[in-house]
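Notes to accompany the following structure.
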Amino acid sequence: MTINFPSPEFDDVVAAVCHGSANEDQMRALNQLLRRNGRARDEYLTQVELHSRLASEPGLFSPIGTSDAMPLRLASTKNRLRPLAFAACFIFLVGALSLLWLKRTTSRNGATSRAVAMLARTVNARWAKEHAAPRAGGALEPGWIHLEAGLAQIVFYSGARVVIQGRTDLQIISQNEAVCPRGWLLAEAPAQARGFHVKTGQINVVDLGTAFGIKADGGKSEVDVFKGEVELSAKVVASQLLRQGAAALVVGERSAQFMAARSDDFTNMLEFQQRSLAAEALRYDQWRLETSELNRDPTLVMRFDFEGLGDSEAALQNTAQRSRSVTGGAIIGCQPAQGRWREKQALEFQSVNDRVRFAVPGDFESLTLSAWVAVKGLDRQFNSLVMSDGFEAGTIHWLIRNDGVLGLTVFGADRRQFQIVTSPPVIGVNNLGTWLHLAVVLNGKTGEAIEYLDGLPVSRRTLKIAPPFRLNSAELGNWNARRDSDSEPALIRNLSGSIDEFELFSRALSDADVWDLYNQGKPDL
């Protein structure tokens with residue numbers, strides 16, 4: 001039996017459910033429909049609740065009299081059955097509501113992820129698709145990654161660490177398996193990752209507590225064992241152990257050639273840690289040089305670089321050199337933390353007390369806000385980025401919703417007049433804890449509001465609130481609505497995460513400007 005929605009059959013089956021007369025086929029068909037059709041679920045709950053509420057008013061169904069055609073015994077029997085039917089209806093209602101509540105609770109709080117590894121760090125990495133390049137610190141789901149140049153370290157959830165170099169194609173299968181048909185790979189597997197294995201076009205290498213390298217190029221593959229031992233197998237090679245200091249080369253379907261391991265070929269990869277630290281220090285120096293130019297931008301109203309923080313430091317300096325009228329920010333409760341690089345500082349926001357207070361006087365025809373943020377968790381319905389104190393005309397509230405949506409509220413002349421601009425969900429469990437570049441542009445000339453993630457626009461909306469825009473007194477990383485009365489409870493909007501750079505421009509940055517700003521500050525080149 002199949003039930004369509006909407007249809008008379010659907011209404012009949014729901015009525016049968018509420019009266020306790022639905023048969024097994026009807027229940028099975030209804031269950032299948034409700035699983036796949038959200039509108040049908042909503043209508044089902046509405047009808048069942050209506051039946052339940054009507055059942056709570058017995059007078060509505062009390063017989064006015066007994067028909068001559070209806071024996072008194074039958075009428076009384078139906079009256080006795082009616083509470084049973086409504087009881088069954090109520091049970092179905094409670095069950096349906098419980099299932100719906102559980103589904104919503106799971107989708108909201110029971111976050112899931114398909115990730116099996118993470119991109120730990122890179123050295124001068126260039127990816128085949130730069131616009132979709134994996135991010136350092138970001139989670140990796142099963143699938144392909146394509147490195148064109150440089151080095152990248154991948155840590156599998158089993159504990160195995162893999163470094164790839166140069167033009168390498170790597171398919172991540174699971175937390176304990178990868179395929180590398182082309183490229184150079186170095187794997188180190190601790191005891192907890194014993195059994196980690198890598199396949200190429202010719203060989204299958206299973207770790208037995210080792211460090212080993214693989215070179216794969218079209219029709220040939222080589223494995224070199226630098227520590228411990230591996231189990232090697234191929235189409236023409238019976239499974240055998242390959243111990244430390246040994247190597248094997250398989251060309252096509254020929255027999256394996258055995259030789260001494262050549263560690264010199266893997267020097268860059270074996271020294272990845274040192275090279276990574278050196279590249280990180282260089283990248284940090286480049287950022288400092290480039291931002292010294294940014295500080296001289298005449299449209300830069302405010303910039304916090306979060307440098308020079310001490311445990312007793314209570315203020316942030318505004319590094320915008322052309323904006324003498326705007327002072328810095330007061331740090332309340334936040335703690336210094338590591339930023340995008342080891343030498344870089346950030347502020348960590350954890351509790352409802354943590355915030356940075358600042359004031360920006362004046363009216364603006366256009367504004368751009370930019371921040372580097374590592375979101376640790378979306379603990380509240382609204383998680384503050386930058387929010388003006390109140391709801392005055394032209395003020396703004398910039399935040400992240402708990403479903404990963406970037407949100408911007410712009411208030412009009414009347415407090416009841418406001419516009420909420422939202423993006424699609426762009427922040428999820430797989431990029432929590434990674435450094436993200438967020439920006440929002442309010443263009444009063446074109447009447448447009450644009451949200452950006454990592455240099456690319458994720459939403460464009462028409463602005464219905466006309467300039468001027470303003471911030472006045474505002475907070476970074478927190479906000480509460482209690483300003484006029486201390487007797488009313490405060491609305492909490494605190495951020496759980498870290499911020500290590502913030503800019504406010506008095507102009508609408510273009511797409512190219514935001515992309516340049518992102519590339520100037522991204523952790524790895």
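The values are calculated or read from the model by the stated rules, or taken from the named source; none is laboratory data. Keep in mind it's a predicted model, so treat the numbers as computed, not measured. FYI the Cβ positions are ideal-geometry reconstructions off the backbone, even for glycines, and counts take in every protein chain you see.
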Check: Asp224 fails exactly one of the following numbered conditions: (1) part of a loop (DSSP other than H, G, I, E, B); (2) over 34 Å from the mean Cα position of the chain (by Cα). What is the number of that condition?
Finding: (1)
Notebook entry, point to check: Of all residues in the range 17-33, which are touching a Leu at 6+ places or on another chain (Cβ under 9 Å) and in a helix (DSSP H, G or I)?
Noted result: Val17, Cys18
Next item on the list: Please verify whether the range 130-145 includes one or more residues that are among the small types (Gly, Ala, Ser), within 18 Å of Phe272 (Cα to Cα) and in a strand (DSSP E or B).
Entry: no
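Among the residues of the range 409-420, is any exposed (fewer than 15 other Cβ atoms within 10 Å of the Cβ), among the aliphatic types (A, V, I, L, M) and free of Cβ contacts under 8 Å to residues at least 60 places away in the same chain? Even if it seems obvious, please write down each step before you answer.
Quick first cut of the range 409-420, residues exposed (fewer than 15 other Cβ atoms within 10 Å of the Cβ) only: 413-417, 420.
After this cut, where a residue has to be among the aliphatic types (A, V, I, L, M) as well, the list is 413, 420.
Still in the list and also free of Cβ contacts under 8 Å to residues at least 60 places away in the same chain: 413, 420.
Yes, the range 409-420 has at least one match.
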Check: Just one of the numbered conditions (1) outside any strand (DSSP E or B); (2) at pLDDT below 95; (3) of a type in the set (S, T, N, Q) is not true of Thr446; which one?
Finding: (2)
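Residues in the range 168-176: is at least one among the small types (Gly, Ala, Ser) and touching a residue at least 24 places away in the same chain (Cβ under 8 Å)?
yes
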Notebook entry, point to check: Out of the range 291-343, which residues are assigned to a strand (DSSP E or B) and surrounded by fewer than 15 Cβ atoms within 10 Å (Cβ to Cβ)?
Noted result: Ala315, Ala330, Ile332, Gln338
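Say whether the condition of being surrounded by fewer than 19 Cβ atoms within 10 Å (Cβ to Cβ), of a type in the set (Asp, Glu) and touching a Gly at 6+ places or on another chain (Cβ under 8 Å) is met by at least one residue in the range 162-174.
Of all residues in the range 162-174, those surrounded by fewer than 19 Cβ atoms within 10 Å (Cβ to Cβ) come to 166-167, 169, 171, 173-174.
Imposing the further condition that a residue be of a type in the set (Asp, Glu) reduces the set to 169.
Subsequent filtering for residues that are touching a Gly at 6+ places or on another chain (Cβ under 8 Å) retains 169.
There is at least one residue in the range 162-174 that is surrounded by fewer than 19 Cβ atoms within 10 Å (Cβ to Cβ), of a type in the set (Asp, Glu) and touching a Gly at 6+ places or on another chain (Cβ under 8 Å).
Please enumerate the residues belonging to the range 146-161 that are assigned to a loop (DSSP other than H, G, I, E, B) and surrounded by fewer than 19 Cβ atoms within 10 Å (Cβ to Cβ). Full working, then the answer.
First, pick out the residues of the range 146-161 that are assigned to a loop (DSSP other than H, G, I, E, B): 157-160.
Across the range 146-161, the qualifying residues are Tyr157, Gly159.
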Check: If we scan the range 251-262, do we find a residue that is outside the structural domain of Gln165 (by TED's automatic domain parsing), loosely packed, with under 15 Cβ neighbours inside 10 Å and either closer than 22 Å to Val225 by Cβ or at pLDDT 85 or above (or both)?
Finding: no
Check: Which members of the range 258-292 meet the condition of being of a type in the set (Val, Ile, Thr) and more than 29 Å from Ala187 (Cβ to Cβ)?
Finding: Thr291
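If you check Val440, Val386, which single one turns out to be aliphatic (A, V, I, L, M), touching a Gly at 6+ places or on another chain (Cβ under 9 Å) and assigned to a strand (DSSP E or B)? Don't jump to the end; show me each part of the working.
Working: Val440 fails: touching a Gly at 6+ places or on another chain (Cβ under 9 Å).
Checking each option against the conditions leaves just Val386.
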Check: In the range 346-374, which residues are among the polar types (S, T, N, Q), within 23 Å of the chain's Cα centre (by Cα) and farther than 18 Å from Gly444 by Cβ?
Finding: Gln350, Ser351
Next item on the list: Output the number of residues of the range 365-378 satisfying the condition of being buried (at least 21 other Cβ atoms within 10 Å of the Cβ) and either at pLDDT below 95 or within 21 Å of Ile427 (Cβ to Cβ) (or both).
Entry: 9
Check: With respect to the numbered conditions (1) at pLDDT below 90; (2) part of a loop (DSSP other than H, G, I, E, B); (3) not β-branched (Val, Ile, Thr), which one is the sole condition not fulfilled by Gly195?
Finding: (1)
